[in-house]
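Student: The structure follows.
The values are calculated or read from the model by the stated rules, or taken from the named source; none is laboratory data. Note that the structure is a prediction, hence the values are computed from the model and not measured. In this analysis, Cβ positions are derived from the backbone assuming ideal geometry, glycine residues included, and neighbour counts consider all displayed protein chains. Accessible surface is based on the protein model in full, side chains and every heavy atom, while ligands, DNA and RNA are left aside. Shrake-Rupley method; radii C 1.70, N 1.55, O 1.52, S 1.80 Å.
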Amino acid sequence: MFLVGSFFLFAAFLITTCIFVIFSKNPVNSVLFLVLAFLNSTFLFILIGAEFVGIILAIVYIGAVAILFLFVVMMLDIQITTLMFNIKRYIPLALLFAGIILAEIIYLTVFKTSKENLDTFIRTKNNTEQIGDVLYTEYFIDFQLSGIVLLLAMIGAIVLTHVYRPTIKRQNIESQNSTTAEDRVKLVKIKSGEGIKDD
Amino acid sequence: MTSLSFELTIGILKIFSFVVPVLVSVALLVYLERKVLGAVQLRKGPNVVGPFGILQSFADVLKLLTKENLLPSSSNKFLFIFAPMLTLILSLIAWAVIPISSTYVIANLNIGILYLFAVSSFGVYGVIIAGWASNSKYPFLGALRSAAQMISYEVSIGFVIITVLICVGSLNLIDIVESQKNMWFAIPLLPMFVIFIISALAETNRLPFDLPEDEATLVAGFFTEYSSISFGLFFLAEYANMILMSSLTVILFLGGWYPPIDIFPLNAIPGIFWFVIKVFLILFVFLWVRATFPRYRYDQLMRLGWKIFLPFTLIWVVITSAFLFYFGLLPN
């Protein structure tokens with residue numbers, strides 16, 4: 001009873017925050033609602049007993065991804081009216097993605113898993129150990145491939161945005177650290193009436 | 001029903017038994033910091049309020065409480081008030097999983113260390129929301145600096161934690177401490193211990209990495225616009241975070257509640273005493289570092305995090321796991 005109640009509570013919060021993500025006028029508020037949405041999905045994962053997945057979701061998405069989102073969005077100087085105008089352009093694409101994800105969820109829940117299967121899977125072992133058992137054995141190739149996909153995305157983003165500017169002055173830390181007093185300061189004895197000779 | 005309310009009462013009492021000592025030790029830590037700084041700089045430090053000036057921080061808190069709380073007119077009011085609360089709440093809820101003896105802990109989670117890592121990585125939200133909601137230049141710059149800095153040093157903290165976890169084979173904090181009964185991890189993993197302390201300094205925005213609140217360039221950084229008790233909450237949270245990171249260091253590397261050597265007069269002393277002594281020593285290192293080192297420049301900070309700590313910790317994870325695997329020492 002308690003579990004079911006909390007499921008509906010967190011699920012309702014999740015959907016509400018997602019709606020706010022879309023309809024907030026200010027993009028910073030959108031990102032903050034996105035963080036709340038991530039937090040609620042963490043709670044949902046913990047409710048079904050998948051505490052490892054839930055906490056990893058929190059660490060990766062709330063602790064890193066959303067902060068970088070916030071970092072970028074905060075620095076944008078966006079005219080809010082143009083943003084609201086543009087939102088209609090993306091509706092077909094959004095519907096397409098929503099359809100694909102819905103189809104996946106229906107496929108997984110209706111055809112792939114049975115409830116008894118799920119219950120025994122959760123109860124037998126601590127789920128951190130379960131993931132550890134299969135991640136590098138059964139799903140080794142998939143795991144490495146997804147890592148390579150992420151690496152490619154990162155390199156792609158850097159290549160697209162990085163512009164080499166030869167005019168920028170950089171600091172060479174090694175040369176700074178290896179400098180001694182003799183390189184920078186010279187003691188000169190000056191005879192009166194002659195001044196410093198330039199050499 | 002009675003048993004439920006009984007358990008609820010016990011739970012609330014347990015929570016208070018953590019939160020109240022933490023808040024009192026925050027006040028004492030501020031006093032200690034001023035005394036240590038005074039001693040290092042050949043001054044006396046606070047010595048007027050109470051015996052040896054020990055009531056100085058309580059007097060400061062009372063002063064902050066009586067001041068007027070100013071709201072900047074162009075700020076985002078809700079987020080402006082919410083940010084310091086969030087910071088303090090996050091620095092207190094982390095204590096739910098800290099074990100101060102083999103039995104005394106509020107929640108003995110089997111993923112305790114991940115919970116702590118998650119909560120400490122949320123800490124940046126308080127800073128970044130405060131900087132943005134103030135709608136002012138210096139706080140905003142402070143928030144940006146802090147976001148980049150905390151993300152960078154979380155990476156190396158993550159790898160250090162992974163190294164310890166490889167040696168323990170469990171994510172439970174009590175298991176982590178109990179596997180150090182014979183040998184503290186500070187000895188075999190000494191480089192990781194040092195990196196963890198340095199990263200903890202950066203993660204708690206302490207000197208020499210306190211660029212988010214760099215008073216020489218940013219006035220007061222992200223809390224420039226804060227006054228009265230909302231400033232006080234940030235202040236409390238910073239010191240509570242210091243104590244938290246010190247406790248985490250003690251749990252990961254200095255054997256938690258175990259005495260240095262397991263012989264009679266030492267192991268008769270209750271574990272909580274050893275725990276507090278070790279936390280105190282780490283905190284002293286924090287203050288000592290503050291009195292000794294000048295502030296880093298921002299590019300030096302980033303270079304240290306990404307170009308030195310990240311490769312070093314990554315290689316050390318590989319070395320540790322290869323060593324344990326080769327000699328068959330991996331925990332099952």
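Student: Could you work out the helix-only [θ] at 222 nm for the protein assembly as shown, with each DSSP H run of four or more residues adding -39,500 (n - 2.57) and the total divided by the number of residues, to the nearest 500 deg cm²/dmol?
Tutor: Values: 24 runs with 353 residues, N = 531.
Only helices count here, giving -21500 deg cm²/dmol.
Student: With a 1.4 Å probe and all protein chains kept in place, how do A:194, B:178 rank by accessible area, largest first? If you can, show how the numbers build up before the last one.
Tutor: Details: A:194 115, B:178 85 Å².
From most accessible down to least: A:194, B:178.
Student: Report the B-A buried area as the accessible area lost on both sides summed, probe 1.4 Å, in Å² to the nearest 100. The partial results should precede the final answer.
Tutor: Values: alone 16550 and 17020 Å², together 31420 Å².
Counting protein atoms only, the buried area is about 2100 Å².
Student: Take the alpha carbon atoms of the stretch B:296-332, find their center, do the same for the stretch B:131-177, and report the distance between the two centers in whole angstrom.
Tutor: Comparing the Cα centres of the stretch B:296-332 and the stretch B:131-177, I get a distance of 16 Å.
Student: When you take every Cα atom in the protein assembly as shown, what is the radius of gyration, and what is Dmax, the widest Cα pair distance, in Å?
Tutor: Gyration radius and largest Cα-Cα distance of the protein assembly as shown: 26.3, 102 Å.
Student: A follow-up question, please. If DNA, RNA and ligands are ignored and the probe is 1.4 Å, what is the ranking of B:183, B:242, B:302 by accessible area, most exposed first? Present the calculation step by step, with values, prior to reporting the outcome.
Tutor: Working: B:183 95, B:242 0, B:302 40 Å².
Solvent-accessible surface, decreasing: B:183, B:302, B:242.
Student: For B:68, A:104, give the ranking by accessible area with the largest first, probe 1.4 Å.
Tutor: Values: B:68 135, A:104 105 Å².
Result of the area sort, largest leading: B:68, A:104.
Student: What percent do you get for the relative contact order of chain A when only Cα pairs under 8 Å and 6+ apart count?
Tutor: Details: 78 pairs, mean separation 27.4, N = 199.
Relative CO of chain A lands at 14 percent.
Student: Other chains near B:131-144: what is the mean number of their Cβ atoms within 10 Å of each residue's Cβ? Before the final figure, lay out the partial values.
Tutor: Details: counts 1, 6, 1, 0, 0, 0, 0, 0, 0, 2, 0, 0, 3, 3.
Averaged over the peptide's residues, the number is 1.
Student: Let me ask another. Probe 1.4 Å, all protein chains in place: accessible area of residue B:316 in Å², nearest 10?
Tutor: Number for this one is 60 Å².
Student: How much length would be gained if the chain were fully extended between residue A:72 and residue A:187, taking 0.36 nm per residue of separation minus their Cα-Cα distance, in nm to one decimal?
Tutor: Details: separation 115, 0.36 × 115 = 41.40 nm, distance 5.08 nm.
Contour length minus Cα-Cα distance gives 36.3 nm.
Student: Would you tell me the accessible area of residue B:292, worked out with a 1.4 angstrom probe on the heavy atoms of the protein chains, in Å² to the nearest 10?
Tutor: 80
Student: Something else now. At what distance in nm do the modelled label points of residue A:145 and residue B:14 sit from each other, each positioned 7 Å from its Cα along Cα→Cβ?
Tutor: Calculated label separation equals 4.5 nm.
Student: Any idea what the alpha-carbon Rg over 2.2 N^0.38 Å comes to for chain A? Mind showing how you got there, number by number?
Tutor: Working: Rg = 28.2 Å, N = 199, 2.2 N^0.38 = 16.4 Å.
Rg over 2.2 N^0.38 Å, computed on Cα atoms: 1.71.
Student: Could you report chain A's accessible area per residue, 1.4 Å probe, as an integer in Å²? Before the final figure, lay out the partial values.
Tutor: Working: 15960 Å² over 199 residues.
Heavy-atom SASA per residue in chain A reads 80 Å².
Student: So, in Å, what gap is there between the alpha-carbon centers of the stretch A:159-195 and the stretch B:61-85?
Tutor: If you average the Cα positions of each part, the centres end up 46 Å apart.
Student: Between B:40, B:289, B:30, find the one with the highest GNM mean-square fluctuation for chain B; connect C-alpha pairs within less than 10 Å.
Tutor: Looking only at B:40, B:289, B:30, the biggest GNM fluctuation is shown by B:40.
Student: Starting from 0 in steps of 10 Å, tell me what percent of the Cα-Cα pairs of chain B lands in each bin.
Tutor: Bin by bin from 0 Å, the calculated values are 5, 23, 33, 26, 11, 2, 0.
Student: Give me the base-10 log of I(q)/I(0) for the stretch B:1-156 at each q in 0.12, 0.17, 0.18 Å⁻¹, Debye formula, one uniform scatterer per Cα, rounded to two decimals.
Tutor: -0.81, -1.24, -1.25
Student: Of B:44/B:77; A:169/B:77; B:35/B:278, which pairs sit farther than 30 Å apart, going by alpha carbon to alpha carbon?
Tutor: Details: B:44/B:77 41 Å; A:169/B:77 41 Å; B:35/B:278 19 Å.
Table pairs above 30 Å Cα-Cα are B:44/B:77; A:169/B:77.
Student: How many angstrom lie between the C-alpha centres of the stretch B:255-285 and the stretch B:192-250?
Tutor: Centre-to-centre (Cα) distance: 26 Å.
Student: If you don't mind, there's one more thing I want to ask. If you filter the stretch B:61-103 for trypsin sites (Lys or Arg not before Pro), then keep DSSP loop positions with at most 14 other Cβ within 10 Å, what is left? Walk me through the intermediate numbers first.
Tutor: Values: sites: B:63, B:67, B:77; in loops: B:67.
Of the trypsin sites (Lys or Arg not before Pro), the ones in loops of the stretch B:61-103 whose Cβ has at most 14 other Cβ atoms within 10 Å are B:67.
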